1. Restricting to the stretch 32-49, name every residue that is in contact (Cβ under 8 Å) with a residue 24 or more places away in the chain and more than 23 Å from H484 (Cβ to Cβ).
2. If I ask for residues that are crowded, with 19+ Cβ neighbours inside 10 Å and either more than 17 Å from G270 (Cβ to Cβ) or not assigned by TED's automatic domain parsing to the domain that holds I147 (or both), which ones from the stretch 197-216 would you list?
3. For the stretch 491-503, name all the residues that are surrounded by fewer than 24 Cβ atoms within 10 Å (Cβ to Cβ) and within 16 Å of the ligand (Cβ to nearest atom).
4. Run down Q98, Q82, Q78 and say which single residue is at pLDDT 95 or above, under 30 Å from W267 (Cα atoms) and surrounded by 13 or more Cβ atoms within 10 Å (Cβ to Cβ).
5. Looking at R271, R299 in this structure, which one is basic (K, R), farther than 26 Å from E36 by Cβ and within 16 Å of the ligand (Cβ to nearest atom)?
6. So which pairs qualify, if the first residue must be in the stretch 136-152 and more than 17 Å from N260 (Cα to Cα) and touching a residue at least 40 places away in the same chain (Cβ under 8 Å), the second must be within 16 Å of the ligand (Cβ to nearest atom) and aliphatic (A, V, I, L, M), the Cβ gap must be under 7 Å, and the two must be at least 6 apart or on different chains?
7. If we only count helices (runs of 4 or more DSSP H) wholly inside the stretch 364-456, which ones have 3 or more residues that are of a type outside the set (F, W, Y), modelled with pLDDT under 95 and more than 27 Å from the chain's Cα centre (by Cα)?
8. Taking the criterion of being aromatic (F, W, Y), closer than 28 Å to I377 by Cβ and outside the structural domain of D156 (by TED's automatic domain parsing), would at least one residue in the stretch 245-268 satisfy it?
Amino acid sequence: MVDEGFKVWQRVLAQGSRIAQTSLRELFAQDSGRSERFSRTLGDDQGDVNNQISADFSKQLIDQQALDELLALAKDLQIVEQFAEMRSGLKINLTEQQSVLHTLLRADTKNSVIVDGVDVVAEVHAERKAIKKFVDSVRSEKKIKKIVSLGIGGSDLGPALIYDALSQNYKSDIECAFVANIDAHEIQLVLEKCTAAETLFVVCSKSFNTVETLSNARIAKHWLAEKLGVEINGKVVGEHFVVVSAYPDRAAKTGVVAANAFKIWPWVGGRYSISSAMSLAPMIAFGTDVFDEFLDGMRAVDDQMQDSAPEDNLPLILGLIDVWNCSVLGYASQAFVPYAHQLKLLPNYLQQLIMESNGKSVQVDGTPTSMRTSPVIWGGVGTNVQHAFFQMLHQGTDVVPVEFIGFAQPTHREISAHDTLIANMFAQSKALAFGRSLAELKNKNIDDENIAHQVMPGNRPSTTVLASGLSARTLGSLIAMYEHRVFVQGVVFGINSFDQWGVELGKTLATEIYDSFTKPSEVGQNFQDSHDTSTQGLIDWYRRHRNNR
Ligand code: F6P
């Protein structure tokens, strides 16, 4: 017997085949209310015109019938119910036997969630209180002028994004820098611009096992001791270090002595840790009140995802449209293009959030997936990328759904420049959707020998997210929306969005190969039989040149 879930999915696929026969031009021609019908607001702006966010997905290749089937799929899979279960502490990360509770980091105190016998809401709030005390003291002492946050992946991309996004709206006397790469050129560049006595290093690592972060912490410690002329493992150096980890006790064992440490928990995934102490650097720069506004914005969207009617549930709808584009219409990549220079790090952040979560081909039960899972996520900031990859978006052979993100109110006073920026954003989505046909070109008496090259096929889907301004609150709402879209996709794909086994093999092999470099052996000698000839050849070449230093 064919189960109900299979039938619902088949109906969604049938909608995909039907829609493939139509076009955005036709869909708009058929429905004058299309823009309104396919726009929703995000979160709860509490009536504040400065915090409004709206998404127009009318330029997606979708109609009411298709959306209804997607919502039926959501109902059949109980996506919202599963989201509520995640929020209540159910151990949905089965391969790691963990709850997934990043939403709890912004929950208010009236909630109570028990994990392994502990009220974790109380723990989160106790930690937030301790962080606030520390942040207030660093800010009021005015001794520290520079924070260098050391971390990689989720322990870097989130705090770096918040700092970069908000530093023009919320002025700070404390500057932040972020170092992720084990390529020491990165930390070298940052340290060159630091004054040791005024610098605080925040070492962010959930596991405290990550080689990149441990290497950078070691380099920072040596630099500090040398610059200050103090003992390397002494109290003075320790006062310039803070640790953020789920295992703070591992810090001292790896040689990182820190006067202060803040906790995250094993139930916070690295790429979901933006609302935790991992964001200590921007918290110190802007103050915890600003960070609390960021968390308020996230919480409003958490509540919308759980409580709103499916047809008004924007994170749910956009998550379903992500599935529609990737797994039904078959578009293998997705571009995110903020027309806001302050969000230039957003594509990098989303790349980890989406691809590390959903780039999998095995379902929760260990069987292979039957549909395309994560698209390739990429992007860049507008208008710059109009002069880089938009040619391919408009006329290339592959269709790439685009998400545009823009703001009505800039923080500067150059209104004409801002109007031009936003006009460009609207123009791009219009050109992608409707293109320019041969007949239109001929009607305009454009009839030169290059006419075929000027045809724009159109019918290329996009969503436009517009917010009034880039405040801490609107940023929080946007990030929570993306987190929940990833959740929606993961449920439809039937995968565990919260583990990342795929990054482990490379780490293990890197350790083996590193050992090959330092093993005493003659140049060119085949010292590790287990390597393939290509890897061995590369090692040999590197050793020969490395030994010439
Ligand atoms: O790349 C794998 C990963 O585990 C990410 O998921 C994580 O954000 C990053 O490494 C850093 O890990 P940690 O915070 O444990 O240093």
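1. R34, V49
2. Residues satisfying the conditions are T199, L200, F201.
3. I495, N496, D499, Q500, W501, G502, V503
4. Q82
5. Just one listed residue meets the conditions, R271.
6. Every condition considered, the pairs that remain are I152/A180.
7. Those helices (runs of 4 or more DSSP H) span 438-443.
8. no
The values are calculated or read from the model by the stated rules, or taken from the named source; none is laboratory data. Since we're looking at a predicted model, the values are computed, not measured. Neighbour counts run over all protein chains shown; Cβ positions are idealised from the backbone, glycine included.
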